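See structure below.
The values are calculated or read from the model by the stated rules, or taken from the named source; none is laboratory data. None of these values were measured; they are calculated from a predicted model. Glycine gets a Cβ as well: all are built from the backbone with ideal geometry, and neighbour counts include every protein chain shown. Remember, those area values only see protein heavy atoms, side chains included, never the ligands or the DNA or RNA. Shrake-Rupley method; radii C 1.70, N 1.55, O 1.52, S 1.80 Å.
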Amino acid sequence: MTTFMRLNRTLKLRILMTFIGVLGYSTVGSSMTIYYNHYLGAAITGILLIISSVSSFFIGLYGGHLADRHGRRPIMLIGSLIAILGAMIALISNSPIFQNPWTTFIGFFLLNFGFSFESAADNAMIIDVSDESNRKYVYSLSYWIINVSITFGAALSGWLFRDYLFELLLGLLIAQLINGSIKYFLISESFVPAPKAKKERESFIQNYGVVVRDKIFLLFIGAVILNKVIFGNIDFYLPVHLSDSFKTTTIFGFEIYGQRMLTLFVMLNTLIIIFSMTFVNQLTIKWSERRSLTTGALLQGLGFAAAFLMNSFIPLILASIVMTIGEMILVPSSQSLRADLMNEEKIGTYSGFVTITDPIGSVLSGSLVSFSVYIHHTGVAVVMVVVTVLLVLCFNQVMKMKTQAEIASSKNT
C-alpha cells in the first residue's frame, strides 16, 4: 500500500480506470459471440469477428502514430467518445422497445474501435509517468487488477447475460462515462510533442519505419509473438485437448468432464493471480530482468506442454499452477522491458506496433489446432517446448543486445 500511495496521481487514476473499464466490458464482451451466433448464425458471426479484429489492429496502429504527433490526452478523449457512442448504440439496440443484432454489432464495433484507437496512447501515458523504479510494480498491479475485474465481470455475465443484457449494457455505458469523465476532468497531458513544421512531420509510414529498423525491438516483438503462441493455446488447443482426451472424474460427487476441466483450469489460473501476485512480485522484485524472463518463460511454457500431455484431474491442476507461476513472473518483467526498449520520442508509435502481436499470435495458435490432427497431443507438447526454448533464447538475445547498446551509448557520451 505504501508503494501504491507513492505512485504518480495519473498512475493511480489509470489503475482505477482499468478496474472500471475491464469490469464493465467483461460483463458482456466474452458472451457476445454467443449472442451473434444465436441471432445471426456461425458463418456471419465469424465474418463479423474477423472484421472487428482486423479493423481494431489497423486503428490501433494509427492511434499510436497520432499519440506521438498530438499527445496522449486528445487521442484518449477521442477514443473514449467513440466508445461511449458505441455503448449507447448497443444499449438502445437491446432496450425493451428495440432489439436489433446488426445495430448491436455496430455498437460493439465502435466500442472496440474506441478502445483500440486510444490503447497505444493509454499505454504510452503509463510509460511517460512511470520510471524504472516503479514500472514493474505498476504492471504487476495492473495485471492483478485486470484479473480481478475479469473474474467479477465474467461471474456477472454468467448469471445475468441471458435475462438482463439491457442492465449489463447500461452498466457498460456508465463505466465508459465514468472513465471518460476521469480522462476529461482529472487526467493531464503527459507528453508534449516537439513543435515541427508540417513538412518536417513524419508520415504514418515513416513513423513506423523507425520501429521496423529497430532490431532490438523487432526481436522483442518476435519474443512477444512466441509468448502469445504459448499462452494463446488456453483459448485454442487446450479446449480441444480437454474435450477429446480428458478422463471424466468425480470430485466430491461433482462430475468433472472436459469442458468443466477447462473452466477449472482457467479459474485456478485467475484465482492464483488474484491471491498470489503480490507475494510473487515481492519474491522476485530483486531478480534481474534476465532471470525473471527466463524463469517465467520456462515455467509457463513447460506448464502448458505438460497440460497437453495430461488427461487426468490432479496432473492438470499441477500444470495449471506451474503455468500460472510462470505467467506471474513473466508478464510484469516483459512489459517493463518493452517500455525500456521504446524510443522516448515515439512511445505511442512503439505501443501501436505492439498490437501486431495479437493477430499473428492468434493465427499461429489457431494453425496449431489444425496441425494437431496430424501431430496429436504429444506433437503439440513438443512444439510448446520448442517455442519455449526459442522464447528464452529471444529474451536472452534481447538482453544481450540491450546491454551492448547501453555500453556503446555510454562510451559515446
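Data for the structure
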{"item": "Three-way shape call for the chain based on the alpha-carbon gyration tensor, with the a/c threshold at 1.5", "result": "oblate"}
{"item": "The range 84-99 - phi-based ³J(HN,Hα) in whole Hz, Karplus 6.51/-1.76/1.60, Gly and Pro as x", "result": "4, 4, x, 5, 5, 5, 5, 5, 4, 6, 10, 7, x, 9, 8, 10"}
{"item": "Ranking by accessible area, most exposed first, for Thr378, Thr355, Thr104 with a 1.4 Å probe", "result": "Thr378, Thr355, Thr104"}
{"item": "Loop trypsin sites (Lys or Arg not before Pro), the range 1-64, which have at most 16 other Cβ atoms in a 10 Å radius of their Cβ (DSSP)", "result": "Arg6"}
{"item": "Distant-in-sequence amide H partners of Ile256 (H built 1.01 Å from N, under 5 Å)", "result": "Thr249, Thr250, Ile251"}
{"item": "Cα→Cβ-extended label distance, 7 Å offset, between Val212 and Leu49, nm", "result": "3.1"}
{"item": "³J(HN,Hα), Karplus 6.51/-1.76/1.60, whole Hz, each residue of the range 73-79, x for Gly, Pro", "result": "4, x, 5, 5, 5, 5, x"}
{"item": "Trypsin sites (Lys or Arg not before Pro) within the range 224-286: DSSP coil, no more than 15 neighbouring Cβ in 10 Å", "result": "Lys247, Lys286"}
{"item": "Residue-normalised accessible area of the chain, expressed per residue, 1.4 Å probe, Å²", "result": "49"}
{"item": "Environment charge of Ser333, counting only residues whose C-beta is closer than 15 Å and scoring Lys/Arg +1, Asp/Glu -1", "result": "+3"}
{"item": "Selection of trypsin sites (Lys or Arg not before Pro), the range 80-189, meeting DSSP coil and at most 16 other Cβ within 10 Å", "result": "Arg162"}
{"item": "Listed residue pairs exceeding 30 Å between alpha carbons, taken from Lys286/Lys402; Lys136/Lys215; Lys183/Lys402; Lys136/Lys228; Lys228/Lys400; Lys215/Lys286", "result": "Lys183/Lys402"}
{"item": "Counted charge near Lys183, where neighbours are those whose Cβ lies closer than 15 Å (Asp, Glu -1; Lys, Arg +1)", "result": "+1"}
{"item": "The chain, accessible surface, carbon-and-sulfur percent (1.4 angstrom probe)", "result": "67"}
